[in-house]
Structure formats: structure tokens, C-alpha cells
1. Could you check how much of the accessible area of the stretch 56-121 is carbon and sulfur, as a whole percent, using a 1.4 Å probe?
2. What are the GluC sites (Glu not before Pro) within the stretch 43-118 that DSSP puts in a loop, where the Cβ has at most 16 other Cβ atoms within 10 Å?
3. Work out from phi, with θ = phi - 60° and the Karplus expression 6.51 cos²θ - 1.76 cosθ + 1.60, the ³J(HN,Hα) of each residue of the stretch 47-62, listed in order in whole Hz, and give x for Gly and Pro.
4. Where in the stretch 98-119 is the amide nitrogen less than 19 Å from a point lying 7 Å along the Cα-to-Cβ axis of Met62?
5. For the stretch 64-71, just list the computed ³J(HN,Hα) in residue order, Karplus coefficients 6.51, -1.76 and 1.60, θ = phi - 60°, integers in Hz, with x standing in for Gly and Pro.
6. Which whole-Hz couplings ³J(HN,Hα) result when phi for each residue of the stretch 97-112 is put into the Karplus expression 6.51 cos²θ - 1.76 cosθ + 1.60, θ = phi - 60°, listed in order with x for Gly and Pro?
7. Give the calculated FRET efficiency between Thr81 and Lys38 to the nearest 0.05, with a Förster radius of 25 Å applied to their Cβ-Cβ distance.
8. My understanding is that a pair violates if its Cα-Cα distance is over 19 Å; which of Lys37/Lys103; Lys38/Lys90; Lys37/Lys87 do that in this structure?
Amino acid sequence: FLEELPALHKVISKDSFQSARINRRVSWLKMTEEENKKVTFSTENGRVALVGDAAHAMTPSMGEGCNTAMESAVKLVDAITSTMEEKEMKLVDINTISEAFVKYGLSRPADVQPIQEMSAA
């Protein structure tokens, strides 16, 4: 809205938009790196992986919410498939799924967070 409301844009800093984005997130999901820990969309043991708004909620201003949710689902399937291929497995087991969930959970935030920031700006 820089062109539509230039005066408003001057008084509201980018930091304000970023804090609004962070405040939209669920309180139990920390999206900033802690010491010696990376941001992840999965639990540490890999039993749960989050996709869509559960992992990366966005404002509707850019229309990217559905796109990133579908991309996340594909990335999750890719992580499972590649983990199975690395282990030369034809059938998946719970340990392989957990390993794939962790791989997805650690890789996906880097792709999605810049889009979240743009949607909040």
C-alpha cells in the first residue's frame, strides 16, 4: 500500500509489520531460532509435521496461503519419498516417516518465512 497510503507507510516501520506477523502465530510454535536450535515445522522426534496455516499462517493480501500449503504438502511427500529411496525401502515404516518429517520440518521454514513477511508488509 505504499502508493495508496504513502503517509501511513512512512510512520509504520517494517518492524511493525513483522511483529504483527509474529503475533498472529500460535503461542506454542516458536518461529525464531533459539540458541543451538533451528526453526522447524515438525516435532523433534518427527511424530508430527505441520503444513498450511498450522505451520505458516499468512495474511490474505497476496493470495499465497493456499499455494504455500500445497507446496508444503508436496515437500512433505518429497521428504518421505527421498528418505525411503535413501534407505532403499519399498514400504515405509514409522521411523522413516519420522525421519522424513524432521527433514521437511527443518527445510521448509526457509522457503516460507520470506513469503509470510511479504504478506504482512
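The values are calculated or read from the model by the stated rules, or taken from the named source; none is laboratory data. These numbers were taken from a predicted model, which means no experiment stands behind them. Note: ideal-geometry Cβ built from the backbone for every residue, glycine included; neighbour counts use all protein chains shown. Please note that ligands, DNA and RNA were not included when accessible areas were found on the heavy atoms of the full protein model with its side chains. Shrake-Rupley method; radii C 1.70, N 1.55, O 1.52, S 1.80 Å.
1. The nonpolar share, carbon plus sulfur, comes to 62 percent.
2. Within the stretch 43-118, the qualifying GluC sites (Glu not before Pro) (loop, at most 16 other Cβ atoms within 10 Å) are Glu44, Glu88.
3. Karplus-based 3J(HN,Hα) across the stretch 47-62 equals 7, 9, 10, 9, 10, x, 4, 5, 9, 8, 5, 9, 6, x, 4, 9 Hz.
4. Label zone hits: 107-119.
5. 9, x, 5, 4, 5, 5, 5, 4
6. Each residue of the stretch 97-112 in turn: 4, 4, 4, 5, 4, 5, 4, 4, x, 7, 8, 6, x, 4, 6, 8 Hz.
7. About 0.65, to the nearest 0.05.
8. Exceeds cut-off: Lys38/Lys90; Lys37/Lys87.
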